[in-house]
Amino acid sequence: MRQRLEPNRREFLKKCAAGAMLAGGTHGLPAFFSAREKTRVVNAHDPLLRGAGSSLDSGRLLKMLDRSVQALYATDSPLEAWKKVARPGEVVGLKVNGLAGRGISTSVLLVEVVCARLQDAGIPQKDIVIWDRLNADLESAGFRNATRQDHMRCFGNDTLGYEEDLATYGSVGSCLAKTLTQVCDAVINLPVLKDHGIAGVTMALKNLFGAIHNPNKYHLNVGDPYVADVNMLPPIRQKVRLHICDATTAQYEGGPSYMPQWTWRYNGLLMSRDPVALDYTGWQILEQERAEKGMKSLRALGRAPDYIATAADPNHRLGTNDPSQIEQVEV
Amino acid sequence: MSKTAHTRKGEASFSSDGPRREQEANDALPCDSVLASLSSLGASEHDRRTFLKLAGVPCLTACVGSCMAGWPSLALGAGSAPAEDSRFIVEAQFYEKLPYKKIRCKLCPRECVIDDRERGYCGVRENRGGSYYTLVHSRVCAAHIDPIEKKPLFHFFPGSLAFSVATAGCNVNCKFCQNWDISQSRPEQVRNAYLPPKDLANLAQQNRCPAIAYTYSEPIVFYEYMRDAAEAGHALGIKSVVVSGGFIQQDPLKKLCRDVDAIKVDLKAFSEKYYKEVVNGELKPVLEALVTMRKLGMWTELVYLVVPTLNDSDAEFRALAQWVKSNLGAEVPLHFSRFYPQYLLKNLPPTPLETLERAKAIADAEGLHYVYLGNTPGNAAENTYCPKCRRIVIERIGFAVKEMHLRKGKCEYCQQPIAGVWQ
Ligand code: SF4
């Protein structure tokens, strides 16, 4: 039977705060985290991420990224952690989300600092590919399309197209993007923390709709079980190694389009190897913001993202949505 | 437990042996379908994938010729056009504007609510800044000349040819779809040609086709193009026939019925459960659409694809036949068609002939006058029998009409009127 866990939100968020205090004391990684068999979600924050202005401070963003990856992998240095993400010789794809344009897409600066750290870890520029569904989406999010093989590449699925084989799991049958199947050995998934008018929320799991040719077919029933099923397709399941959710700016209503009146500066990142735990955590953050703004919960509106629970069920096992199994680390 | 499986694009098309011909009776594309294009048109549009696919076909025209088993198709034209081509983008006729640049599509009962820069379920309609557009006007991804019997329309100008066209997209997602590689794709993911309505009508005329058929995928999703093409066709005396799932709202349907001459509806089952689980649609609006078509005097035929274990019970056949008789009339032809495993339903066997015969026996017993079996070449149930004297009035072999014994729409033997559009 499907696991449907909806713990007390307040309690869950309180736990996050406790984690923050613990982690904040050491500024490194508390030793006990590595001894537990829980899934870890790093919730990184920097209130000064923008300084006095509105644009992100690249130095502070890089530091936040370093703290996050080090905490997630429980290593002594960020570099050690990045070396666990990908090995030299592998082509690393960065799956961004550019659908909503500059307002609420994966930030170019975040992608730049991730690329910098990958290069530090021995991944040459030519083995880094930034990709999304459409070239137009990438451009509108501020990325510049580039396809030269000897440089860092950046292109939409419309450049290489899709496989002709139909990959199926459960309720879905889709052709996968060749960027995923033929170009990338490993993928870092870089979604955005935001509301979705049909699927409830869109973060790590939903961002992988950008790897299939027919995402329009899978928004029925608030994306359940389709989002979970798409993530079961072998190349997705096997190649995606890390999820870094851009929460520098987040949106709690009106998504996936950019609605500035419903965005807020969260000034943070969520990072995990478990997309289910990350999505569950992000969902609670969006719900808290909705509650603070006096808005109804997604459940009350009939668009709770139950695909997150489905992704955790025995047929999928893509991660956990059980808060008692999620280790919140705030850095 | 792994549930993953693969179907290859092209497996959904058919080789020259095995069940291919039978499957075509459901109006599947011939094996060259995605490659077929239009020779006389200057502009065609390829994406990289189909371009590469094309490059791998040394002699397209030869392939087209051999796969069509004698029915002509049109050789591929050269040239390319950008994927974003304003010629294909026309404002949609049925939608409602909502706050925050959202829209609600009012074309089919799904009523997709769509954000700016997003598309509906069918994948061929897009919200651009709060206005809604079809992306497939004149954007044809398949064009063939087929016998009208292949649609199948058995009571509409038998023995004639239909210039048959499709665009990408569909408003449902049947697990047994034969043409999923175009119906479940977005227009930029398949190869297209620019074929505006007047050119389409001219081509039909040049190729001596008395009708244009909108078929293969789901014509409802290229509604605006279909209506414009029907008007252009009528100006040249060419009829228009629609091959559809009938999942359409009442207002657009009523307008469509003014423009076209016959509609064949794939009534996929007679249960909401099947529509929900296998079709990703709803039965009720389809039944309502059928009633409207008949009320408006539209010539209508029905196909029911019999899928083993899913929609093949006696009770369902009986309920279907009773509903057809009392709501549409005993003279509406009903074609029970044979299923072959493909797309997402590869785990089921082909429909046994006995099941089809059982379905026909039940529908006959309920009093329907014209019950056919499809995808069963050589079967006597491909012929049209006079409901009064029971003699053959149209004898068929596959899609070919062998003999006709009709005079002015009446049985030549007993003068019984035979329902249909004959001249
Ligand atoms: S026609 Fe397409 S966009 Fe419109 S309601 Fe139907 S599926 Fe949705």
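The values are calculated or read from the model by the stated rules, or taken from the named source; none is laboratory data. Given the structure is predicted, the values throughout are model-derived calculations rather than measurements. Positions of Cβ are generated from backbone atoms using ideal geometry, with glycine treated the same way; all protein chains shown enter the neighbour counts. Heavy atoms of the whole protein, side chains included, go into the accessibility calculation; ligands, DNA and RNA do not. Shrake-Rupley method; radii C 1.70, N 1.55, O 1.52, S 1.80 Å.
Taking every DSSP helix (H) stretch of at least 4 residues in chain A, weighting each as -39,500 (n - 2.57) and dividing the sum by the residue count yields a mean residue ellipticity at 222 nm of -9500 deg cm²/dmol. Between B:E403 and B:L353, the modelled labels are 2.2 nm apart [label points 7 Å from Cα along Cα→Cβ].
Across the protein chains, with a 1.4 Å probe defining accessible surface, the residues B:K295, B:K410 rank B:K295, B:K410 from largest area downward.
Compared with its chain on its own, segment A:150-165 contains the following residues whose accessible area drops by 40 Å² or more in the full protein assembly (probe 1.4 Å; ligands, DNA and RNA excluded): A:Y162, A:E164, A:D165.
Of the residues in segment A:290-331, those shielded by at least 20 Å² of accessible area once partner protein chains are present, compared with the chain alone at a 1.4 Å probe, are A:N315.
Just checking the listed ones, A:D165, A:D137, A:D229: in the Gaussian network model of chain A with Cα springs under 10 Å, the one fluctuating most is A:D165.
Rounded is the label for chain A, because a/c, from the alpha-carbon gyration tensor with a ≥ b ≥ c as root eigenvalues, stays below 1.5.
Need the full-extension length gain, A:L301 to A:E80, defined as separation in residues times 0.36 nm minus the C-alpha distance. One decimal, nm.
Roughly 75.2 nm would be gained on extension.
The residues of segment B:90-134 expose on average 40 square angstrom of accessible surface per residue, using a 1.4 Å probe on protein heavy atoms.
Roughly what % of DSSP beta bridges within segment A:86-325 run antiparallel, to the nearest 5? Each step should come with its number before you reach the end.
On the way: 16 of 34 bridges.
So the antiparallel bridges in segment A:86-325 amount to around 45 percent.
Shielding by partners for B:243-252, please: the mean number of other protein chain Cβ atoms within 10 Å of each residue's Cβ. Walk me through the intermediate numbers first.
Values: counts 0, 0, 0, 0, 0, 0, 0, 0, 0, 0.
Per residue, the number of nearby Cβ atoms from other chains is 0 on average.
Of the trypsin sites (Lys or Arg not before Pro) found in segment A:242-331, the ones in coil according to DSSP and having at most 14 other Cβ atoms within 10 Å of their Cβ are A:R265, A:K293, A:K296, A:R299, A:R317.
Return the average number of partner chain Cβ atoms within 10 angstrom of each residue Cβ along peptide B:110-122. Present the calculation step by step, with values, prior to reporting the outcome.
On the way: counts 1, 0, 3, 2, 4, 11, 6, 10, 8, 2, 2, 6, 2.
Mean partner-chain Cβ count within 10 Å for B:110-122: 4.
Cβ-Cβ distance of A:D185 and A:S58, R₀ of 30 Å, FRET efficiency by 1/(1 + (r/R0)^6): the value works out to about 0.60. Residues A:S68, B:S313 ordered from highest to lowest accessible area at a 1.4 Å probe: B:S313, A:S68. Going from the chain on its own to the full set of protein chains, segment B:165-205 has these residues losing 20 Å² or more of accessible surface (heavy atoms, 1.4 Å probe, no ligands, DNA or RNA): B:N173, B:W180, B:Q184, B:R186, B:Q189. Computed over neighbours whose Cβ is under 12 Å from that of B:L107, the net charge equals +1, Lys and Arg +1, Asp and Glu -1.
The distance between label points at A:R87 and B:C389 comes to 8.3 nm (points 7 Å beyond Cα on the Cα→Cβ vector). One Cα centroid belongs to segment A:263-316, the other to segment A:155-211; the line between them spans 19 Å.
Using the Cβ of B:D228 as centre and a radius below 11 Å, the other residues enclosed give a net charge of -1, where K and R count +1 and D and E count -1. Interface A-B: total buried accessible area of about 3000 Å², 1.4 Å probe, protein heavy atoms only. For the pair B:I89 and B:E272, label points projected 7 Å from Cα toward Cβ lie 3.9 nm apart.
Across peptide A:213-226, what mean number of C-beta atoms from other chains lies inside 10 Å of a residue's C-beta? Working shown, then result.
On the way: counts 6, 8, 4, 14, 8, 2, 4, 5, 0, 0, 0, 0, 0, 0.
Mean partner-chain Cβ count within 10 Å for A:213-226: 4.
If you rank B:W299, B:W180 by how much accessible surface each has, with a 1.4 Å probe, what is the order from largest down?
Working: B:W299 25, B:W180 0 Å².
I get B:W299, B:W180, largest accessible area first.
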